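Here, each number is a calculation from the coordinates, and none is a lab measurement. On a predicted model such as this, the values are computed, not experimentally measured, just so you know. Positions of Cβ are generated from backbone atoms using ideal geometry, with glycine treated the same way; all protein chains shown enter the neighbour counts.
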Amino acid sequence: MGPCPHEKNLFPVKPLAERTDDLRQSDIRAITQMVNAVDGINLGQGICDLPTPLPIKEAAKGAIDDNHAIYSHYAGIQGLREAILRKVQTYNHIPATSPDEIMVSVGSTGAFVSAMFALLEPGDEVILFEPFYGYHRNLLQLVNARLVFVPTQPPDWGIDFDALEAAITPRTKAVIINTPGNPSGKVWSQAELEELLVLLQEYDLYAITDEIYEYMLYDGRTHVSLASLPGAYERTITLSGLSKTYNMTGWRMGYAVAPAPLCEKMGLLNDLFFICAPTPLQHGAAAAFAMDDTYFGELQATYDQRRDLLCSTLGRIGFDVPWPQGAYYTFASFAPLASQRAGFEDARSACETLIQEAGVATVPGHSFFADPTDGRYFLRFCFAKEMPVLEQACAKLLAAFG
Ligand code: GLN
């Protein structure tokens, strides 16, 4: 982390760009380093260390052997874009009709960057629900968007539409949706999305919707894409990717779906930033879409089991646990422990206590709020782990705090 050059004048030359002043390593990454140093179990960063399915790995290896080594089209290889098109038509019910409406990028983060640059002028207001995924907030700040936060509350993290409408001004350009949500696990219902759409239409706003956790859904919930609602597609950029669904976070395979003229501009921006997503890995990614649908049932069972174990363990320790509706995080409050135990005064101390006493890493709650005090009693736990590792983490938590 360290001091930034503006503060300490570390470099005997002109200062770096002002936009770097507030940049710090994210807590998500810093915690990974802390827990690796003590050889602990990382339930912090949403790494997802389950195995990548074999057909995907074989296809990527084949593509490397076949010398698919040159740049691809800036929006991705045709076969992958066609496969994604079929997927978004059938799973997401998005009314896209051509691969020209699909752009493959370097992770859904790459797609998010292209979306921001396509839509936003400096000073445009963007609405973000709290708790938010920190990378959304930090990237939006980098393009000088003016952020307007709308809070949501546990256990359901429901949307207060009056507060949302009150947050809209003539300068509002876009609303950021994340369903299922990181860190809250909130899954937007069809009714909520319909209510949102009324506001988007009334005030002529765009939505950028990050749906990277779209296959992890609990208690019979279904995933609804905003872009599937009649009248929504023309003002919606849908982001997703293969990282979480196929356990390949380091491959950086993400994509955006948007109407062709908008998608074309995002593709041109993607070209400037990245030229293209890595070509041989795109060939691997295409194989994911040829896999049997039984994969998703198995994936769901995998996460049901892990959610049950982690949430019930945290409940036994005395955490207040809003069981997530989707995604693979538990965003739990340790407020009941704060007055009873030393080391649980705030999120940073609780995070350190868990690392020191149980060897288990989490992400402190303040990373997900504009005002850090709003997150002071929360920790985010990731349960995308191999079962024996998660069992060991839960056993260590129980031994230390049970
Ligand atoms: N999306 C994952 C998380 O929230 C990982 C992203 C990251 O490492 N920045 O932990």
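Numbers below:
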{"item": "Percent of beta bridges antiparallel (DSSP, the range 153-309, rounded to nearest 5)", "result": "30 percent"}
{"item": "Cα gyration tensor shape of the chain, rounded if a/c is under 1.5, else prolate or oblate by comparing a/b with b/c", "result": "rounded"}
{"item": "Cα shape, the range 117-170, gyration tensor, a/c 1.5 rule", "result": "oblate"}
{"item": "Among beta bridges that DSSP assigns inside the chain, antiparallel share in %, nearest 5", "result": "45 percent"}
{"item": "Leading residue at positive end of dipole, the chain (Cβ point charges), from SER26, SER367, LEU379", "result": "SER26"}
{"item": "Pair ILE70, ASP156: separation of 7 Å Cα→Cβ label points (nm)", "result": "5.6 nm"}
{"item": "Computed E for LEU268/ASP219 - FRET, C-beta separation, R0 30 angstrom, nearest 0.05", "result": "0.10"}
{"item": "Additional length obtainable on full extension of the chain from ASP22 to ASP204, 0.36 nm per residue less Cα span", "result": "62.3 nm"}
{"item": "Charged-residue dipole, Cβ positions (Lys, Arg, Asp, Glu), the chain about Cα centre, Debye nearest 20", "result": "900 debye"}
{"item": "Entries of LYS61/LYS385; LYS87/LYS186; LYS61/LYS87; LYS173/LYS385 with Cα pairs more than 29 Å apart", "result": "LYS173/LYS385"}
{"item": "Potential lengthening between LYS61 and SER189 on full extension [0.36 nm per residue; Cα-Cα distance subtracted]", "result": "42.1 nm"}
